[in-house]
Structures are given as C-alpha cells and as structure tokens.
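Heads up, the thing below is written out as structure tokens.
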Amino acid sequence: MPGHHGTRIVCPVTWDDIGVSNSAELGCPTKVGRRRFIRHCAAVTTAASVGPWIVSSDVLASSGQLNILMWSGYLPPGLIKSFKAKTGIDINHTSIRSNEDILDRMKVTGGKGFDIVSPTSMRSLQWSSLNVLQPFDYTRIKNLSNVHDQLLAIGDAEWNFGANGAHWLPHIWGSEGIAWRTDKWTPPRDGEIPSFGDLWQPDMTGKVMIRPHSGMLGVGLFLETTGALSPGAMRQAYADEAKMRKIWAVVTDFCVKNKGQVKLFWNDADRQRVAMMSEGVVVGQLWESPPITLMRNGDPVQYRAPLEGPLVWVDGMSLSARAENLGAAYSFIDYCFELEPAGKSIDGGSEGQLWGGHGYNSAVTGAERYASERYAKEFASIYSRSPQVKLWIWPQEPHWYAGVRSEYTNRFIYA
C-alpha cells in the first residue's frame, strides 16, 4: 500500500527460498487440491482450445481499452507499453491513495466506469456486502499457476463472497520487520536472525523505535513464543471481540511495564530514516522501505525478517461487478501473472528506468528472474537467512477491531 509503506525495491529470490505460513495459519482451508485441479484444468483447456494461429478470445472480445482503479505507481510505464504492444488494449488508470478512496468511488458508482480495482487483502469484510465486485473465473487465467499458493489462498478463504468464488487475487506485497544499526548491535541468534523480542531486552533500553499498534502486535507474536500467550493468539484475536480484549490486555500490560525500552514512536517513512541515523535509535520495527533506502546509501543499517515472521500486507486485483471490458480485464490480469512482466514491474529489470517499476514484491513465483541483480541480493539478505522464517499476513479486519485496538494502544502511548 504505497500510501502507508513508501517506495520499496525488492529482490529476486524464489518463493521456495522463503518459509511461509501454512493455510491454517492464515485461517484458510488446508486442502488446496481443488484449487490446483481447477487451475490445471484451466491450463489444459486453454492449450487445447487456443492454438498459436489465433488471437486470444479475451482480446477479441475487448473494446480496446481497460479502466483500472489502482494505487499510484503500480502500473509502470513499461508494463502499460508492453501490454498495449501485445494486446492492442489501452489502459486508463485512475490513481488512488487509500483503501477508503477505492471504497468511496465504488460505492458512488456501483462499480460503473471501472473494470479492475485494487483492494488490500485485509479489507474483505468492508466489501462483502456491497455487491460491487464479481467472482473470478479461474479458467480464464492461464498464468494463475504462477501465483504463489499461500497468497492465492487469501482470495479463496477471505474473499469468497456468498460461496461464489474468489473476488480478489494477489498482486503486490510488502512487509514490516526489524531494522538495526550494524555498527551498534548484532542479533543474538548467530548474528543473523532478529526477533520482535529483541526490542524488549535490557540492552536495548531507550534505544527502540516502533509504531504503536503494529509494535504491540509484534510483542504479541513474541509472547506467543514465551508461553505468555498461546500459539496463534494474535490471529485468533481478530475473530472475537471478547477474546481480543483478553489477549490485548496481556500485550498492553507487557508494553506499559517495559515502555522505557522505547526511544520514540514513528508514523511515516521519513521519521524512520532520520531517527535511525541521528536520534539514538539502535533497533526498530519498521517498514521495509526506509531501512533499505539507508542500506543502499551505504549506511550501517540492516533490515531483516524476524524469527516470528514479518508482518505482511498484500494489495490485489478485483473485478468490478459492472465491468464493461471484461475480456480486456482478464487479458491484463493474465499478463500481470506472466513471469517477465511481473519481474520487470518490480524495478525494471535489466531495462531499469526505461521500464520503470512499482518497487514492491510480486505475488508471482519466479518473477525475480526478470528483476535486477540488486533486487536479488537485497531480498536474500532480508528473507532467506533462515528456513524457519515465515510471513505473517495481516488477517481480514472486523469493523470493531480498529476501535478496540486504539483503546489498548492509547493506554500504552499515554502510560
């Protein structure tokens, strides 16, 4: 989500190099045989019915244009140009800066005027009753098999409105993890893997930087490893308000007791960069973009996925219920799931600025082979140091959740 995470360039390491949380941890079905079967059938059907001598039926069915409501920067110039060259379809991009912006526009129009929109995965409950999206027909997306199963499972589980099928597909993701001054501190686990718990050790008193609500979530994940909370408690807190209050009370008590650890709270990317270099911060729980910028500048900073797993957001693509260019929409989504366009869209690959790039991680497995060499090195240093590191994907958020969470974060902030 650009409005929340800043610009981020990621790196080519295969998804197989990253241990990701299983479907059960996402609150998703653990059996994926049906999904894989459908995707396999889609590929077979496409291959059998579309020979190399004809143009895709989706392209023939399109009006020659596509209307996309999407985050600023997610459509690099090279992607638009190459998609036009391949399909003849023009992209009309309406830029948005927040999930609320997407929702407001879709509510006002009922979805008319847009073919593809780009909600964040955790917002599904805000969309489920609006009837402004339509489910995907997986058989029309031959490159769906390139999408990582763990991210695809989000749509199957959290965006399957009315049991009519997924209304969301993953597109781009980023993380929040641990950054530290390499000249002042080294993670205790072989000097490699940090933990959310490291921020709360005596040697870091007065040297820590966090964002209140996500920092408290990090505390909760750490407490799951100590036995103070049961395994999976922080994810279970999203299911029931009474349960959440019980769990967050434990987290808040810990944070208030140990507030002396915190040098400062951050709320944007600039604050993170400045505090890391000039305000006495040694270690922090940060978005990936600010510390990676410092790493590229040659500053003594490292960003890495913590032992408990980095907090991951995922922006996706959904079909408007009133899409007027449905064939073009499927052609575009399928193109986004091709390896080369997905990889070059990250940072331009070998073409660099001539292509442009959104700067985030791709949901396409293998896209890294078409991004830059620098991306590979950065990604490896962040996510591949330990096979035990998993991604902790933000769950769908009930309407009551943010308000209750604010009660507990305020207790911590003003303690």
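The values are calculated or read from the model by the stated rules, or taken from the named source; none is laboratory data. It should be emphasised that the depicted structure is a prediction, and the values quoted were computed from it without experimental measurement. Backbone-built Cβ (ideal geometry, glycine too); neighbour counts: all protein chains shown. The area values use the complete protein model at the heavy-atom level, side chains included, leaving out ligands, DNA and RNA. Shrake-Rupley method; radii C 1.70, N 1.55, O 1.52, S 1.80 Å.
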Proximal lysines to LYS377, defined as alpha-carbon separation beneath 17 angstrom and excluding residues fewer than eight positions away on the same chain = LYS344
Modelled label reach - GLN65, point 7 Å along Cα→Cβ, the stretch 89-123 residues with backbone N closer than 13 Å | 89-94, 113-115
Excluding residues fewer than 8 positions from LYS243 in its own chain, the lysines with Cα under 23 Å of it are LYS257
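Return an integer: the convex hull volume of the alpha-carbon atoms of the stretch 323-415, in Å³ per residue. Spell out each step's value before the answer.
Working: hull volume 19.1 nm³, N = 93.
It is 206 Å³ per residue.
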If you roll a 1.4 Å probe over the stretch 217-272 with all protein chains in place, what percent of the accessible area is carbon or sulfur?
-> 52
Considering only protein heavy atoms, what is the solvent-accessible area of ARG411 at a probe of 1.4 Å, reported in Å² to the nearest 10?
-> 130
Pulled fully out, how much extra length does the chain show between ALA157 and LYS81, if you take 0.36 nm times their separation in residues and subtract their Cα-Cα distance?
-> 24.0 nm
Give the residues of the stretch 218-249 whose amide nitrogen is closer than 17 Å to a point set 7 Å from the Cα of GLU407 in the direction of its Cβ.
-> 237-249
Taking the convex hull of Cα positions in the stretch 249-362, its mean projected area over all directions (nm²) | 11.7
Rounded if a/c is under 1.5, else prolate if a/b is larger than b/c, else oblate: which is the stretch 131-191, with a ≥ b ≥ c the root eigenvalues of its Cα gyration tensor?
-> prolate
From the square roots a ≥ b ≥ c of the eigenvalues of the alpha-carbon gyration tensor of the stretch 207-298, which class results: rounded (a/c under 1.5), prolate (a/b over b/c), or oblate?
-> prolate
